[in-house]
Amino acid sequence: MRIAIAGAGSIGCYCGALLARSGHDVTLLGRARILDPIRDKGLMVTDFSGLRCHVTNLSLTEDPAELSDAEIVIVTVKTGATEEMAKQIGKYAPMAVILSWQNGLENAGTLHTMLPHHDVRAGMVPFNVVPTDTGGFHRATSGEIVIQSGLGDLGAKLTGPDLPVSESDQIEAVQWGKLVINLNNALNALSGLTLKQQLLDRNWRQLMADQMSEALTVLHSAGQPIVSMTPLPAWMTPYILRLPTPLFSRIASRMLIIDPSARTSMAYDLMAGRPTEIDSLQGEIIRLGEQQGIATPICAQVREKIAQNPKSPLTPEQIRS
């Protein structure tokens with residue numbers, strides 16, 4: 001299939017490389033700072049399980065007019081750039097199927113509103129991808145992509161040996177499940193720790209658990225179902241996080257199958273001084289809590305700390321205060 005990755009950053013480049021490796025005709029639409037190193041030496045993608053793949057059969061462009069040949073456009077831009085990308089898709093790719101592989105819940109809705117004549121489907125990418133020192137991209141955590149069910153059996157067509165893609169008719173519940181887990185993105189960014197270091201620290205896990213409980217209370221009040229992103233039911237995860245570290249490590253061993261150097265994308269954004277997606281994560285819980293008349297003090301504190309852009313790591317106690 002002819003696939004365009006609209007806004008190729010870490011997720012877009014990684015997924016685009018594996019889609020090309022599976023035989024699809026893939027175009028990466030992105031910025032020169034991302035694409036120029038790929039032009040020079042191809043795209044190297046790796047993962048925590050040992051995958052190492054050098055991909056050169058990619059088309060690279062900074063011109064949105066190149067979207068015109070795409071059968072599928074996979075949108076991977078940050079939330080703030082979704083409207084502008086939707087305008088470019090509407091102008092240049094009037095017949096393409098649109099998949100939103102973005103954080104947050106509002107992006108697919110924005111694309112639906114702005115592209116009412118397109119087949120637009122929400123999606124959920126559970127894993128974390130980070131740039132490497134060598135100009136490639138490294139997948140540091142596990143999980144499989146899920147897209148909204150629809151015509152054409154797209155999940156099966158997009159699935160490759162190293163990139164499974166399934167379909168769900170409960171995509172909103174799947175997205176909420178991811179959002180609840182992704183609330184930790186900001187905590188990880190503020191901690192200065194790797195994800196593994198953070199998960200092995202009980203004080204951080206207790207803060208993670210309290211924040212998750214806060215979100216689950218709001219979602220329960222709103223009658224919003226969620227699909228858990230872990231083998232555990234969503235309501236059980238805070239209890240597991242609060243366990244002593246040796247017991248947590250034994251019970252939640254699959255949560256620790258991550259690259260030892262992995263950090264969340266928000267950690268990299270905060271370090272680089274780039275805008276974060278905090279309003280698409282904690283902000284969603286705060287807004288829903290206000291609608292339900294439920295206070296969300298931890299999410300509010302975390303959002304405030306991210307807005308302050310601290311130059312030094314914070315402790316759980318400093319975040320709570």
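The values are calculated or read from the model by the stated rules, or taken from the named source; none is laboratory data. Since the model is a prediction, treat every value here as computed from it, not as a measurement. For neighbour counting, all protein chains shown are included, and Cβ atoms are generated from backbone atoms with ideal geometry for every residue, glycine included. Surface accessibility is based on the protein's heavy atoms, side chains included, excluding ligands, DNA and RNA. Shrake-Rupley method; radii C 1.70, N 1.55, O 1.52, S 1.80 Å.
Brief remarks on what is shown
- Rolling a 1.4 angstrom probe over the protein heavy atoms with all chains in place gives region 263-321 an accessible area of 53 Å² per residue.
- Unit charges on C-beta of K, R, D, E only; dipole of the chain, Debye: 900
- Region 1-78: trypsin sites (Lys or Arg not before Pro) in DSSP loop, at most 16 other beta carbons within 10 Å: Arg31
- Structure remark: mean-square fluctuation, Gaussian network model of the chain, C-alpha springs under 10 Å; the largest value among Ser253, Ser168, Ser280 belongs to Ser253.
- Cα convex hull of region 172-294, projected area averaged across orientations, nm²: 7.4
- For the chain, the share of DSSP beta bridges that are antiparallel, to the nearest 5, is 25%.
- With R₀ fixed at 41 Å, the C-beta to C-beta distance from Gln308 to Asp63 puts the FRET efficiency at about 0.60.
- Dipole of the chain computed with +1 at Lys/Arg Cβ and -1 at Asp/Glu Cβ about the Cα centre; of Asn107, Ile319, Pro246, farthest Cα towards the positive end is Pro246.
- By the helix-only formula, in which each DSSP H run with n ≥ 4 contributes -39500 (n - 2.57) and the sum is divided by residues, the chain has a 222 nm mean residue ellipticity of -12500 deg cm²/dmol.
- Only aspartates and glutamates eight or more places from Lys78 in sequence, or on another chain, were considered; those with a Cα closer than 13 Å are Glu106, Asp269, Glu277, Asp279.
- For region 144-197, a simple Cβ point-charge model (Lys and Arg +1, Asp and Glu -1, everything else neutral) yields a dipole of about 300 debye relative to the Cα centre.
- Taking label points 7 Å from Cα along the Cα-to-Cβ direction, Ala222 and Gln291 give a separation of 0.5 nm.
- Spatially, region 188-213 and region 67-81 are offset by 33 Å when compared through their Cα centroids.
- The C-alpha atoms of the chain define a longest principal axis, and helix 82-92 lies at about 10 degrees to it.
- Whole-number percent relative contact order across region 32-130, with pairs defined as alpha carbons under 8 Å at least 6 apart: 21
- Helix 297-308 and the longest principal axis of the Cα set of the chain meet at an angle near 60°.
- Nearest 10 degrees, 0 to 90: helix 282-292 Cα axis against the chain principal axis: 70
- The average projected area of the chain, computed from the convex hull of its Cα atoms over all directions, is 15.5 nm².
- For the chain, excluding the exposed loop sites themselves (GluC sites (Glu not before Pro), DSSP loop, at most 14 other Cβ atoms within 10 Å), the longest remaining stretch covers 145-321.
- Gaussian network model of the chain, springs between alpha carbon atoms under 10 Å - residue of Gly152, Gly135, Gly283 with greatest fluctuation: Gly152
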